[in-house]
1. Looking at GLU22, is it assigned to a helix (DSSP H, G or I), in contact with a strand residue (DSSP E or B) (Cβ under 7 Å, 6 or more places away or on another chain) and in the same structural domain as GLU114 (by TED's automatic domain parsing)?
2. For residues that are among the basic types (Lys, Arg) and assigned to a loop (DSSP other than H, G, I, E, B), scanning just the range 253-279, find the one that is farthest from ASP305 (Cα to Cα).
3. Within the range 205-256, track down each residue that is within 16 Å of ligand 1 (Cβ to nearest atom), among the polar types (S, T, N, Q) and surrounded by 15 or more Cβ atoms within 10 Å (Cβ to Cβ).
4. Hey, does the range 136-156 have a residue that's at pLDDT 90 or above and more than 13 Å from ligand 1 (Cβ to nearest atom)?
5. Do we find that ARG196 is away from ligand 2 (no atom under 16 Å from the Cβ) and free of Cβ contacts under 8 Å to residues at least 40 places away in the same chain in this structure?
6. Restricting to the range 164-204, what's the tally of residues that are within 10 Å of ligand 1 (Cβ to nearest atom) and of a type in the set (Asp, Glu)?
7. Quick one: in the range 257-291, of everything that is basic (Lys, Arg) and more than 28 Å from ALA168 (Cβ to Cβ), which residue is surrounded by the most Cβ atoms within 10 Å (Cβ to Cβ)?
8. Identify all residues within the range 299-324 that are within 21 Å of SER153 (Cβ to Cβ) and either away from ligand 2 (no atom under 16 Å from the Cβ) or of a type in the set (A, V, I, L, M, F, W, C) (or both); write none if there are none.
Amino acid sequence: MTEAPGVAANILVVDDDPELGEMVAAFVRRLGHDAMYTQQPGEALSLLTTQPFDLVITDLHMSLMDGITLCGRIAGAQPDVPVIVLTGHGSLETAVAAMRAGAYDYLTKPVNTEVLTMSIARALERGHLRREVLRLRDEVGRVKPSRALVGSSRAMRELHDLTSRVAATDATVLINGESGTGKELVARAIHAMSARSHGPFVAINCAAVPHHLLESELFGHVKGAFTDARSGRPGLFIEANGGTLLLDEIGEMPMEMQAKLLRALQERTVRPVGGDREVPFDARVIAATHQDLDGLVEARRFREDLFYRIAVVIVQVPTLRERSDDVLVLAQHFLTRFVDRFGKRVVGFHPAAMARMVGYGWPGNVRELENCVERAVALCRGDTVTVEDLPERIRTFQPERPMAAPEEATEMMTLSELERRYLQRVLSLVGGNKSRAARVLGLDRRTLYRMLDRERGVEPGGVEPGGERHEHNS
Ligand SMILES: Nc1ncnc2c1ncn2[C@@H]1O[C@H](COP(=O)(O)OP(=O)(O)OP(=O)(O)O)[C@@H](O)[C@H]1O
Ligand SMILES: [Mg+2]
């Protein structure tokens, strides 16, 4: 594959007239590129799946498959390969049709060699830029996913584990979870970790699109399909080709649309509104909902067959209540983000504010926590967020039960074992910062160090009672 314009490219020529095809191929070779020539559009498509081409030059009128159909198939399967269409009988209509099918350029025969040379050079440059964009997007994407889903609680580790396993497959996934738990983020993480990460991530909120428009949004429409359809549109299934399509709030999908969706998922094709042809799509489908789909199936508001079709793997996103271990880690994560955004000098949370946040019930989950931290950073006057900077509902929250004890505390254990585990839990809550852990525990730093040393089986020999010589970095 070419790395830059001006370097030899790999070009595929398709023309059912061998004389003309060979001529174009020879011309391309004279420009310093590698050319491959085929008379059969079908063969061109299979060559494209096995070899990297930088450009396709195709004739328009061919007996087996016309150049516009070929162009559409290439645009669907390999959108980064530009196509130039050549034709003996140019008309405005076919030119428009070619462009709509995704052609990069459209030239009439006999082709002026200068025009063709220019067109090839520009098409290759565009292809090069597109690949560059994809490469950069990929690089950015690779850094992000690990950072995107913050949290190290057991529930989050299990979620990470499951999502990375499903990311390696093309299975349809149903993401279920309360509002604000991070369902969309999970869908993006699956996409970013999958082999489709180079392709697009397309999301649609089924609840936000008026019912009568949902079908054309998803499946596209042909020109003239309805009154304002002045031009055709491919629809999101096709736009997500090579990537992932998230059908968010799938529980809100009307019944008749559910039937069409089921068909599309089974056949792996969509039929644009007003069209008479099935168009194959190549997108991984992820569905998300905050609703109890099982319940909707029982109430006959969701098709059971569709439920089983999409719920091949179910990913349950835990609520923030189920992972209170993550509250402070997430809070610190958002604090850093909003400090940057607001240009403030806030460095952390006062222990009392931390305690309120950990003890709160977070009905709005991560989104609510994010909003709370944003507000707190905006209001904060000093360098630490205090209880006063928190919203009233959090300041005055009365837990129904006392603050949850460590997960393991339900077992019987000795007091020193409980102390050890609690110490570790607080340390992990404050990201390993020993000074802060000491403050949360109401201990002075030296006492905490002594307890940690004891736990590691180290003799606290370096420290005289009350002495200051022990060195620790926190
Ligand atoms: N584990 C996480 N780490 C970092 N940010 C998170 C995490 N989970 C959620 N968020 C953030 O919380 C907000 C809500 O997440 P998201 O939109 O993915 O939730 P959702 O479950 O799709 O919500 P809804 O049901 O309301 O659509 C987003 O700003 C997201 O970035
Ligand atoms: Mg969402």
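The values are calculated or read from the model by the stated rules, or taken from the named source; none is laboratory data. Note that the structure is a prediction, hence the values are computed from the model and not measured. Please note: Cβ atoms are built from the backbone with ideal geometry, for glycine as well, and neighbour counts cover all protein chains shown.
1. Numbers: assigned to a helix (DSSP H, G or I): yes; in contact with a strand residue (DSSP E or B) (Cβ under 7 Å, 6 or more places away or on another chain): yes; in the same structural domain as GLU114 (by TED's automatic domain parsing): yes.
So GLU22 passes the test.
2. Selected residue: ARG277.
3. Of everything in the range 205-256, just one residue is within 16 Å of ligand 1 (Cβ to nearest atom), among the polar types (S, T, N, Q) and surrounded by 15 or more Cβ atoms within 10 Å (Cβ to Cβ), namely THR244.
4. yes
5. no
6. Number of matching residues: 2.
7. In the first step, residues of the range 257-291 are kept if they are basic (Lys, Arg); the result is 260, 263, 268, 271, 277, 284.
Narrowing further to those that are more than 28 Å from ALA168 (Cβ to Cβ): 260, 271, 277.
Details: LYS260: 17, ARG271: 19, ARG277: 9.
Only one residue fits best here, namely ARG271.
8. Within the range 299-324, ILE314, VAL315, VAL317, LEU320, ARG321, GLU322, ARG323, SER324 qualify.
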